[in-house]
1. Would you check which residues across region 142-187 are among the acidic types (D, E), modelled with pLDDT under 90 and within 18 Å of the chain's Cα centre (by Cα) and list them?
2. Could you list, in sequence order, all residues of region 164-185 that are of a type in the set (A, V, I, L, M), free of Cβ contacts under 8 Å to residues at least 60 places away in the same chain and either open to solvent by 40 Å² or more (accessible area, probe 1.4 Å) or not in a helix (DSSP H, G or I) (or both)?
3. For region 49-81, which residues satisfy the criterion of being open to solvent by less than 50 Å² (accessible area, probe 1.4 Å), assigned to a helix (DSSP H, G or I), in contact with a helix residue (DSSP H, G or I) (Cβ under 6 Å, 6 or more places away or on another chain) and modelled with pLDDT under 90?
4. Among the residues of region 1-32, count how many are under 25 Å from V162 (Cα atoms), open to solvent by 30 Å² or more (accessible area, probe 1.4 Å) and either modelled with pLDDT of 85 or more or in a loop (DSSP other than H, G, I, E, B) (or both).
5. Just give me the residues in region 82-105 being of a type in the set (S, T, N, Q) and modelled with pLDDT of 95 or more, in sequence order.
Amino acid sequence: MTSPTAPHAPSPLPPDTGRPDTAELSRVLLRGLLEAAGADVSGLGGPQMLPTRRTLTTPRGAQELVPGDVDALRDAAALLEGRAPDAPGDLVETAAAAHRTLADAIADLRVRAEALYRRSAELGVGEELWAGGPTLRDRIAQYPEDAEELASVARAAAELRVAWDGAQIDFIEDLAAVRETFGIPLW
């Protein structure tokens, strides 16, 4: 992730929202709004939601605990505002705001996740924060006096993941009017 002020090349579309289903939702909505404004939509696939057939894995590091491309989400918001202002109603503003809000949430959660992983490394667990992971279990067995703090770090990682999932759900809900306009059911 680059800093919010550092210049970067425009990100490819659709943006990586961090979760396969919301990335596909973003792709379909971007395509529909840009097409409605008369913009070129080649490279954005068809107008229908497609199955993602991807699954998330156990996170290793802050980027996997809180996945998503903050810059690409912000770029998508800027693209919508710049190239699709004539799309119907407030749809562009709604879609741009949803992408920007998700980007901000991921950026905030990622900062917290990075701090959490630094603390995990200090405790000797490294990237395996999950309560069921062998490194965490072994560390607790080896240093029972650290068990409470290790459990606290693992709990904080789980809470961050829940907050990230909440941001994904908010993104879907924030796009309700746009989804309805394009006939995309809530899955």
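The values are calculated or read from the model by the stated rules, or taken from the named source; none is laboratory data. Owing to the predicted nature of the structure, the values given are computational and were not obtained by experimental measurement. Using ideal geometry, Cβ is built from the backbone for each residue, glycine included, and neighbour counts are taken over all protein chains shown. To get the accessible areas, we keep the full protein, side chains included, count just its heavy atoms, and leave off ligands, DNA and RNA. Shrake-Rupley method; radii C 1.70, N 1.55, O 1.52, S 1.80 Å.
1. None; the set is empty.
2. In the first step, residues of region 164-185 are kept if they are of a type in the set (A, V, I, L, M); the result is 167, 169, 172, 175-178, 184.
This time we only want the ones that are free of Cβ contacts under 8 Å to residues at least 60 places away in the same chain, so: 169, 176.
Across region 164-185, the qualifying residue is only I169.
3. Matches in region 49-81: A62, L65, L80.
4. 7
5. T101
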